[in-house]
Amino acid sequence: DTIVVASKNPGKVKEIAAMFATEGVTVKSLADYPELPDVAETGTTFEENARLKADGYARMLELPVLADDSGLMVDALGGQPGVFSARYAGAGHNDAANNAKLIAELAEVPDAKRTAKFVSTLVFAKPNQPERDLVVSGTVSGRIVGLPQGHDGFGYDPYFYVPALGKTLAELSPTEKNAISHRGAALRKLDQKWRAWYQE
Ligand code: ITT
Ligand code: NA
């Protein structure tokens, strides 16, 4: 069986593929289908955007497709950047520019008020039953630090400090990050459900 992870973000694809490593399925990603057009993320919620990607690519590929829409919600910024996390500093996917904007926005905010969470919503869609998709979400709480720490992970990870661990997400190994992350939490819910759904 082949499932396609509908993401162009290699960091996400790695984390998602790791969960399927023991499942006996072939995991592909959009990197395997470079000719496909983009699906526009016009939704206002993570679930809407994940569904747009899952349904859109499932129709194009006629294969089961799993999409992740995720982002950082900072309390002092009223939940921003949220669904705009990938394009916070403008169009394109430039982690450095997004991180610089985040730190600039929080420059005057004291440590105790820099609370934030990451959210990941996964939507799994089958081409023959697009209305019967599977949806799961996960979150992780933390705090945004002003100086980057660590080199693992991707995106905002070097600035996302988890008090219980005394580390940022970028200071964790892939296994350690999956154990506590928003995406790891969503993937564990998916792991409980996807086989039965897949065979329906
Ligand atoms: P695809 O839509 O192709 O999957 P994307 O990166 O554009 O890739 P999103 O629209 O869901 O994906 O944007 C999510 C952004 O939120 C992502 O680019 C990161 O900047 C950030 N993000 C999500 N999960 C993260 C994580 O685990 N660690 C750090 N940053 C994360
Ligand atoms: Na998005």
Checklist entry - Looking at 4, 13, 39, which is the one that is more than 16 Å from ligand 2 (Cβ to nearest atom) and surrounded by 14 or more Cβ atoms within 10 Å (Cβ to Cβ)? => result 4
Checklist entry - Just for region 64-82: of the residues that are in contact with a Phe, Trp or Tyr (Cβ under 8 Å, 6 or more places away or on another chain) and within 20 Å of residue 195 (Cα to Cα), which one is farthest from ligand 2 (Cβ to nearest atom)? => result 64
Checklist entry - Looking at this structure, is residue 109 of a type in the set (Val, Ile, Thr) and within 13 Å of ligand 2 (Cβ to nearest atom)? => result no
Checklist entry - So is residue 183 touching a Ser or Thr at 6+ places or on another chain (Cβ under 9 Å) and among the basic types (Lys, Arg) or not? => result yes
Checklist entry - Restricting region 131-148 to residues that are over 19 Å from residue 72 (Cβ atoms) and surrounded by fewer than 16 Cβ atoms within 10 Å (Cβ to Cβ), which is modelled with the lowest pLDDT? => result 131
Checklist outcome for this item: residue 163 passes all but one of the listed conditions (1) surrounded by 15 or more Cβ atoms within 10 Å (Cβ to Cβ); (2) farther than 21 Å from residue 10 by Cα; (3) not aliphatic (A, V, I, L, M); the exception is number (1)
Checklist entry - Does residue 128 fit the bill of being at pLDDT below 95 and farther than 21 Å from residue 41 by Cα? => result yes
Next on the checklist: Take residue 102 and tell me if it is away from ligand 2 (no atom under 14 Å from the Cβ) and assigned to a loop (DSSP other than H, G, I, E, B).
Outcome noted: no
Checklist entry - Which of the residues that make up region 67-94 are surrounded by fewer than 17 Cβ atoms within 10 Å (Cβ to Cβ) and touching a residue at least 60 places away in the same chain (Cβ under 8 Å)? => result 93
Item to check | Where a residue in region 96-118 is acidic (Asp, Glu) and its partner, wherever it lies, is assigned to a loop (DSSP other than H, G, I, E, B) and surrounded by fewer than 16 Cβ atoms within 10 Å (Cβ to Cβ), with Cβ under 6 Å and at least six apart | outcome: none
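The values are calculated or read from the model by the stated rules, or taken from the named source; none is laboratory data. Everything numeric here is computed off the predicted structure, so don't read it as measured data. We place every Cβ from the backbone using ideal geometry, glycine too, and count neighbours over all the protein chains shown.
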